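> Please see the structure below; I have some questions.
The values are calculated or read from the model by the stated rules, or taken from the named source; none is laboratory data. This structure is a prediction, so every number in the text was calculated from the model and none was measured. Cβ placement follows ideal geometry from the backbone for every residue including glycine, while neighbour counts extend to all protein chains displayed.
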Amino acid sequence: MTMQSSRGFHLFHFAAPNTFYPLAGRLAPWFAGLAALLAALGLWLAFFVAPTDATQGEVYRVIFIHVPAAWMSMFVYLVMAFWSGMGIIFNTRLSALMARALAPTGAMFCFVALWTGALWGRPTWGAYWVWDARLTSQLLLLFLYFGYIALTEAIEDPRRGDRAGAILALVGAVNVPIIYFSVKWWNTLHQGASVSLTKAPSMAATMLWGMLIMALAAWAYTIAVALWRVRSLILERERHTDWVSAELDRQGARP
Amino acid sequence: MLKPFVAVLARDLLLAWRGRADVLVTLGFFVIVACLFPFGVGAEPNQLRAIAPGILWVAALLATLLSLHRLFGQDFADGTLEHLLLSPEPTVLWVLAKILAYWLTTSLPLVVAAPGLGMLFDMEQGGLMVLCLSLALGTPILSLLGAVGAALTLGLRGGGMLLALLVLPLFVPVLIFGAGAVEAHLSGTGASAHLLLLSGGALGALVLGPWACAAALRVAAE
Amino acid sequence: MLETRSLACLRGDRLLFRGLDLSLRPGEMVRILGPNGVGKTSLLRMLCGLVAPEAGEVLWRGTPVRREREDFHRALLYLGHSAALNDLLSPVENLRFAVRAGGDEAGKESCDAALERIGLAAQRDLPCRVLSQGQRRRVGLARLFLAAGRPLWVLDEPFNALDVGAVADLAVTLDAHCARGGMVLLTTHQDIAFATPLRHLDLGALAC
Amino acid sequence: MNWNSWAAFWDMGGAAFYVWGSYGVTFIAIVAELLLVFRRRRDTLTRLLRLRRAQGGRPAAASPDSSD
């Protein structure tokens, strides 16, 4: 095959990944820096500005990572479902790669939310784990993430993996609210109203600010990591194109 | 329009009849799992009565899970799936026929057998009725959601475990409302809210499930 | 008629072929050539609409098949590698199911006649699991006698596992289909004598 | 300022295990994810470069015409 003819074909079809790859490379460090800055600010607010909670004492300071992580884990799943839908409707391959790049980060935040929830629950409820509606649906969300990652990794043909993953992500996204609602219903029937972790009686404005800034930091972090990860995925997927060859030559020339 | 639907339904029912040993194995599994629990938790009648709905529902759910691979596995292996996908009639129709046949041959026996098992756990008559009703409304959801998972994992190595990982989280709401219906009835609050929610879920799954399943089958056959 | 415009096929991450232009007019027969793994089966499955093309389009009577899927599949008969038989069903049950699943009417008599025509009258009520490879292949081919209303036949290795007599008989059947104005697209490793002038498409030459 | 001394800060009003356990594991999870992401990029690059060298400078996955 000649280089010329292959370029003609790939330019037509792979235009998006080959322009997105360098763009992602340029943007990612900025988002990472932003994440670090916001996290520093948020942690300062969390530990040095926000006052001690009247009822829970210092342990409530877990809220500054627990709540943003829980938000993020749900939000990332929705974004995954969004990209999956885009991939199915417009048949763009970059969308599926974005969904794939987001999944591990979403699962990581899900795990963090569970872990911090358990550590917070011990002094608050007296047990590391109670079948609280939020924690339980968070656990099921983690299983959904695992399912998505396992399915996309198990399918060898990358395109088939993309599409199967997209269908699963959409089915999961439809089910997430149902799962949350059902678990909440089940929970109130079995335990009566439980103490909710996030409903601190009188949340000081500084606490709210701390949480919001930490949530923004989580956003920036997610974007940065997803962009870095999608770069690897793009290289892998487009390895038969000329622009990846050129990129490899550039990388190979480095010491 | 209905020709492929009827053809697929009739064929799958005939196949289930010819291979009835498989159907009986699923039923036997359901019975044995339910009978294992007293050995695990003790034979105290009050306790058994309290956990009976949960046990029977979990057993039904596991029995469904273990038989899901039968839904498309054979057709995928022998090329029938390709033929069906090339049918000019809408894919969702025959997908629905396959799921219906699967439900009739796998879940319906469980629904019928459940009262007998309920009696082993000393459930009262009204509770048995509600149990049957909740299974009759809930197992179609399991079949429809499970069909999507079965289609997604067609032909994959370790497909069985993967299938469990994919569909079990999705089964949780059905389990909650299904077992909850019986408990609500037994505690005197009435099961109608649960049963209504299950019917709503069944309708939703009926509308969306076959589409997702058809899309997943196209992906799998590619 | 069937046309393709600069079709490209990606399997896994290998580009099998690209820029494939093909047109098939009524009465024509095309044989697809090429060594193993060059993408013959992939091409046939892509033409049928089972696989989405990586680039390019398949057109049926001038319309992209993605837009008019039902019309196209009403006109198409595809026989793939595997005969699509269920082992627990008899040949006649399998055949009737295949025809009815395709949306056509399948009377018992016409199915019996088709099986008799292909030489399986004696096996019509045996379960398919006891049939030999050649007999299984024939059950699949019996659909050809029930598909006169479908102008486009796409056949993947139809001559495999057939004995000499059956090969000649099948060739006659395909010729008759073309003579009625039908179209045949097939792959085979054997050199068969057809009455219809055979066009060749060498995928090996297009390989990337 | 909430804390009178560093010791008080690290003690977190007696909840040190829970608070620092949460923050510590979060930190580890993030560092681990970043390491994995960068290792993946390095692995991808080395693997693709090796493939490319093995095929004599042609685009990595373009298969030889003769292969099947």
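Condition check ((1) modelled with pLDDT under 85; (2) buried (at least 17 other Cβ atoms within 10 Å of the Cβ); (3) within 14 Å of chain C (Cβ to nearest Cβ)) across all residues:
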residue	(1), (2), (3)
D:Trp6	yes, no, no
D:Phe9	yes, no, no
D:Met12	yes, yes, no
D:Gly21	no, yes, no
D:Ile30	no, yes, no
D:Arg42	no, no, no
D:Arg47	no, no, yes
D:Leu51	yes, no, yes
D:Pro64	yes, no, yes
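> B:Gly188: surrounded by fewer than 24 Cβ atoms within 10 Å (Cβ to Cβ), free of Cβ contacts under 8 Å to residues at least 12 places away in the same chain, on the phi > 0 side of the Ramachandran plot and not in a helix (DSSP H, G or I), yes or no?
Taking the combined requirement at face value, the residue satisfies it.
> In the stretch B:203-222, how many residues are crowded, with 19+ Cβ neighbours inside 10 Å and either over 30 Å from C:Gly49 (Cα atoms) or of a type in the set (A, V, I, L, M, F, W, C) (or both)?
10
> Considering only residues that are over 19 Å from A:Arg160 (Cα atoms) and charged (D, E, K, R), look in the stretch C:1-27 and name the one that is modelled with the lowest pLDDT.
My answer is C:Arg18.
> On the basis of being over 21 Å from C:Leu198 (Cα atoms), touching a Pro at 6+ places or on another chain (Cβ under 7 Å) and either at pLDDT below 90 or not charged (D, E, K, R) (or both), does C:Ala52 make the cut? Walk me through it before giving the result.
Numbers: over 21 Å from C:Leu198 (Cα atoms): yes; touching a Pro at 6+ places or on another chain (Cβ under 7 Å): no; either at pLDDT below 90 or not charged (D, E, K, R) (or both): yes.
For C:Ala52, the condition - over 21 Å from C:Leu198 (Cα atoms), touching a Pro at 6+ places or on another chain (Cβ under 7 Å) and either at pLDDT below 90 or not charged (D, E, K, R) (or both) - is not met.
> Moving on to the next point. Would you please name the residue that is modelled with the lowest pLDDT, looking only at residues in the stretch B:37-53 that are under 19 Å from B:Leu135 (Cβ atoms) and either buried (at least 17 other Cβ atoms within 10 Å of the Cβ) or among the hydrophobic types (A, V, I, L, M, F, W, C) (or both)?
Per the stated criteria, the residue is B:Ala50.
> I've got another one for you. Working only within the stretch D:7-38, note down all residues that are small (Gly, Ala, Ser) and either in a helix (DSSP H, G or I) or closer than 25 Å to A:Ala224 by Cα (or both).
Residues satisfying the conditions are D:Ala7, D:Ala8, D:Gly13, D:Gly14, D:Ala16, D:Gly21, D:Ser22, D:Gly24, D:Ala29, D:Ala32.
> Across the stretch B:1-59, which residue is nearest to B:Tyr102 (Cα to Cα) among those that are within 12 Å of another protein chain (Cβ to nearest Cβ) and outside any helix (DSSP H, G or I)?
In this case the residue turns out to be B:Gly19.
> Return the only residue of B:Ala214, B:Ala136, B:Ala164, B:Ala179 being more than 8 Å from chain A (Cβ to nearest Cβ), out of contact with any His (no Cβ under 6 Å at 6 or more places or on another chain), in a helix (DSSP H, G or I) and farther than 23 Å from B:Ala34 by Cα. I'd like the intermediate steps shown before the answer.
Working: B:Ala136 fails: farther than 23 Å from B:Ala34 by Cα; B:Ala164 fails: farther than 23 Å from B:Ala34 by Cα; B:Ala179 fails: farther than 23 Å from B:Ala34 by Cα.
Criteria check complete, one pass: B:Ala214.
> Same structure again: Tally the residues that are of a type in the set (S, T, N, Q) and at the interface with another protein chain (Cβ under 8 Å from one of its Cβ atoms), restricting the search to the stretch B:65-113. Quick ask: steps written out before the conclusion?
Step one: of the stretch B:65-113, the residues of a type in the set (S, T, N, Q) are B:67, B:74, B:80, B:87, B:91, B:105-107.
Now drop any that are not at the interface with another protein chain (Cβ under 8 Å from one of its Cβ atoms), which leaves B:74, B:80, B:87.
Looking only at that region, the number is 3.
> Follow-up. Take the residues in the stretch A:150-197 that are under 19 Å from the mean Cα position of the chain (by Cα) and more than 24 Å from B:Thr153 (Cβ to Cβ), then tell me which one is modelled with the highest pLDDT.
Residue satisfying both the conditions and the ranking: A:Pro177.
> Take A:Arg159 and tell me if it is in contact with an Asp or Glu (Cβ under 9 Å, 6 or more places away or on another chain) and buried (at least 23 other Cβ atoms within 10 Å of the Cβ).
no
> Right, here's the next one. Any idea which residue in the stretch C:1-29 is farthest from C:Pro151 (Cα to Cα), counting only those that are more than 14 Å from every other protein chain (Cβ to nearest Cβ) and among the hydrophobic types (A, V, I, L, M, F, W, C)?
Residue satisfying both the conditions and the ranking: C:Leu22.
> In the list A:Arg239, A:Arg231, which residue meets the criterion of being within 8 Å of chain D (Cβ to nearest Cβ) and not in a helix (DSSP H, G or I)? Break it down into steps so the answer makes sense when it comes.
On the way: A:Arg231 fails: not in a helix (DSSP H, G or I).
From the options A:Arg239, A:Arg231, the qualifying one is A:Arg239.
> Additional query: If you check B:Gly178 against the conditions, is it among the small types (Gly, Ala, Ser), at pLDDT 90 or above and surrounded by 21 or more Cβ atoms within 10 Å (Cβ to Cβ)?
Yes; evaluated as a whole, the condition is true for this residue.
> Moving on. Just a yes or no: is a residue in the stretch C:151-170 more than 14 Å from chain A (Cβ to nearest Cβ), within 15 Å of the chain's Cα centre (by Cα) and of a type in the set (Phe, Trp, Tyr)?
Yes: the stretch C:151-170 contains one or more residues that are more than 14 Å from chain A (Cβ to nearest Cβ), within 15 Å of the chain's Cα centre (by Cα) and of a type in the set (Phe, Trp, Tyr).
> Mind listing whichever residues of the stretch B:119-169 are surrounded by 22 or more Cβ atoms within 10 Å (Cβ to Cβ), more than 13 Å from the chain's Cα centre (by Cα) and modelled with pLDDT of 90 or more?
B:Val130, B:Leu131, B:Ala151, B:Leu152, B:Thr153, B:Leu154, B:Leu163, B:Leu166, B:Pro169
> If you go through the stretch A:63-82 one residue at a time, do you hit one that is free of Cβ contacts under 8 Å to residues at least 60 places away in the same chain and buried (at least 24 other Cβ atoms within 10 Å of the Cβ)?
For the stretch A:63-82, residues free of Cβ contacts under 8 Å to residues at least 60 places away in the same chain and buried (at least 24 other Cβ atoms within 10 Å of the Cβ): absent.
> Within the stretch C:86-123, restricting attention to residues that are in a helix (DSSP H, G or I) and of a type in the set (Asp, Glu), which residue is nearest to C:Ala171 (Cα to Cα)?
Residues of the stretch C:86-123 that are in a helix (DSSP H, G or I), as a first pass: C:91-101, C:108-117, C:121-123.
Add one more test, that the residue is of a type in the set (Asp, Glu), and what stays is C:93, C:109, C:112, C:116.
Values: C:Glu93: 26, C:Glu109: 24, C:Asp112: 21, C:Glu116: 17 Å.
Filtering first and then ranking leaves C:Glu116.
> Residues to consider are A:Leu97, A:Leu168; find the one that is buried (at least 23 other Cβ atoms within 10 Å of the Cβ), in contact with a helix residue (DSSP H, G or I) (Cβ under 7 Å, 6 or more places away or on another chain), within 14 Å of chain D (Cβ to nearest Cβ) and over 20 Å from A:Ala215 (Cα atoms).
Checking each option against the conditions leaves just A:Leu97.
> So which residues in the stretch A:122-149 are more than 10 Å from every other protein chain (Cβ to nearest Cβ), assigned to a helix (DSSP H, G or I) and under 20 Å from A:Thr55 (Cα atoms)?
A:Trp125
> How many residues does the stretch C:132-158 hold that are assigned to a loop (DSSP other than H, G, I, E, B), aliphatic (A, V, I, L, M) and at pLDDT 85 or above?
Adding up the residues that qualify gives 0.
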